[in-house]
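Some notes on the structure that comes next.
The values are calculated or read from the model by the stated rules, or taken from the named source; none is laboratory data. Note that the structure is predicted; figures quoted are calculated from it, not measured. Note: ideal-geometry Cβ built from the backbone for every residue, glycine included; neighbour counts use all protein chains shown.
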Amino acid sequence: MRKLDRLLAAASVATLLGALNMIAAPSAVAQDAALVAEGKKIAFNRRKGNCLACHMMGDGDLPGNIGPPLIAMQARFPDKAALRAQIYDPRTKNPRTIMPPFGPHAIISDSDIDKITEYVWTL
Amino acid sequence: MKKTMLLVSAVCMLATAPFAAASTPEEDMQAFRQYFKDRYPNTPFDDFQNGVYSIDASRRIEWESMEEFPPYEIGLEIGQQAFEKPFANGKTYASCFRNGGINIRQHYPYFDAATGQIKTLEGEINECRVKNGEKALKFGSGELAAVSAYMASTSNGSRINVVIPNDPRALEWYDRGKQHYYAKRGQLNMSCADCHYHYAGYNVRADLLHPALGDLSHFPVYRKKWEARGNGPLAGFGTSHRRFNGCNKQVRAKGYGAQSDEYKALEYFLTFMSNGIPINAPGVRQ
């Protein structure tokens, strides 16, 4: 339901943008898709996110099961910033978590964490 | 629904702090044992000697078929020959150990009150060599691990019986090992306990994490991965310290050397946690 609302909102924004500038909307969408694809690559990379070590996510092979499956993410994290915060430093929510502090320990760069967030938010 | 349950159970696991403050080693050990007994009610106590195979039926079948033609057999024979072969001075390893070195693995490591040090079986094998005018062997793998594996195999069936005497120096070694086990470390910020206590039985990718109860009962191990990387019938052997080092590095932490004080302390703590489990060495592992 919420997803539908968001889609409708997005659609109306797009229409509005489209009305203002015929080119802006489609290229923004293409850019988002590229970010998501890059985010996915970084998330799956064993030397970077290696999220599959612990999470079932998307179509990733042989996922571990230490963490919860990453599905219905927009329902669980309506606020994208909260999702990014969880990926950046999961210790804020659970100080003893086994999930690595990707941001503070410089395991992944800030801009790569942004990209991963974009990808995970689509799951 | 299942998702919420997973989350809830993960949170519960982390909420049960392993040990209350200021517990004695004996209390720690009882709690450690009970935790795994409760978690794996279908695994008989003695069977924790089999690491990951004590909790997973399909991997166990693969492993049992591997044990039918044990890949370590030739290497173990070489270890036995090296153990029995006289040094240049005519003496053998048997002269350095109680009971001629047979059926003693279960008492290692131990606290030596005279020196205040922790003595491991591998450490004493090399001490014996040096005392008899031979060169020390490289720790961690190769011939040393093969001799140790042979000696350990003569203890098969005997129960681990590590003693923590009431001596502040012994307790200090114990606490150091315990600290190493529970401390988060490395760039990935994980503790040994994260993987082999809290999340034992879960999968990291396709690897199933073994329960820590019974650790050291089957060491040195014969590992297919090491075998494939090296040459000859001894390549697969590795001591517990070799494995500790690998597990430290896996979380991008600093690894310590075989027979470093840090790993001796860790071995002391971890073997004590498995008191009562029968020795079953060498274990074959992937």
(request) Name, by its number, the condition in (1) without any contact (Cβ under 8 Å) to a residue 60 or more places away in the chain; (2) within 26 Å of B:GLU122 (Cα to Cα); (3) of a type outside the set (Lys, Arg) that does not hold for B:GLY75. (result) (1)
(request) For region A:9-24, indicate whether the set of residues that are at pLDDT 95 or above, not in a helix (DSSP H, G or I) and not acidic (Asp, Glu) is non-empty. (result) no
(message) Considering only residues that are under 12 Å from the mean Cα position of the chain (by Cα) and not hydrophobic (A, V, I, L, M, F, W, C), which ones fall in region A:79-110?
(response) A:ASP79, A:LYS80, A:ARG84, A:GLN86, A:TYR88
(request) Please determine, by comparing only the residues of region B:212-232 that are part of a loop (DSSP other than H, G, I, E, B) and surrounded by fewer than 22 Cβ atoms within 10 Å (Cβ to Cβ), which one is nearest to the other protein chains (Cβ to nearest Cβ). (result) B:GLY230
(message) Looking only at region A:49-64, how many residues end up being facing another protein chain (nearest Cβ under 7 Å) and surrounded by fewer than 17 Cβ atoms within 10 Å (Cβ to Cβ)?
(response) 1
(request) Scan region B:190-211 residue by residue and report those that are at the interface with chain A (Cβ under 7 Å from one of its Cβ atoms) and part of a loop (DSSP other than H, G, I, E, B). (result) B:TYR199, B:TYR202, B:ARG205, B:ALA206
(message) Condition first: at pLDDT 95 or above, in contact with a Ser or Thr (Cβ under 9 Å, 6 or more places away or on another chain) and buried (at least 20 other Cβ atoms within 10 Å of the Cβ). Can you find one or more residues in region B:248-256 that meet it?
(response) no
(message) Testing B:TYR222 on (1) in contact with a helix residue (DSSP H, G or I) (Cβ under 9 Å, 6 or more places away or on another chain); (2) modelled with pLDDT under 95, one condition comes back false. Which one is that?
(response) (2)
(request) For A:ALA43, state whether it is of a type outside the set (Phe, Trp, Tyr), at pLDDT 95 or above and part of a helix (DSSP H, G or I). (result) yes
(message) Residues to consider are A:ILE87, A:ILE98, A:ILE116; find the one that is of a type in the set (Val, Ile, Thr), assigned to a loop (DSSP other than H, G, I, E, B) and surrounded by 14 or more Cβ atoms within 10 Å (Cβ to Cβ).
(response) A:ILE98
(request) Sort through A:ALA75, A:ALA85 and tell me the only one that's free of Cβ contacts under 8 Å to residues at least 40 places away in the same chain and hydrophobic (A, V, I, L, M, F, W, C). (result) A:ALA85
(request) Spot the failing condition for B:ALA183; the list is (1) within 26 Å of B:GLN49 (Cβ to Cβ); (2) in the same structural domain as B:GLU262 (by TED's automatic domain parsing); (3) among the small types (Gly, Ala, Ser), and only one is missed. (result) (1)
(request) Could you tell me which of the residues B:ALA206, B:ALA152 is within 30 Å of A:ASP61 (Cα to Cα) and either in contact with a strand residue (DSSP E or B) (Cβ under 9 Å, 6 or more places away or on another chain) or of a type in the set (A, V, I, L, M, F, W, C) (or both)? (result) B:ALA206
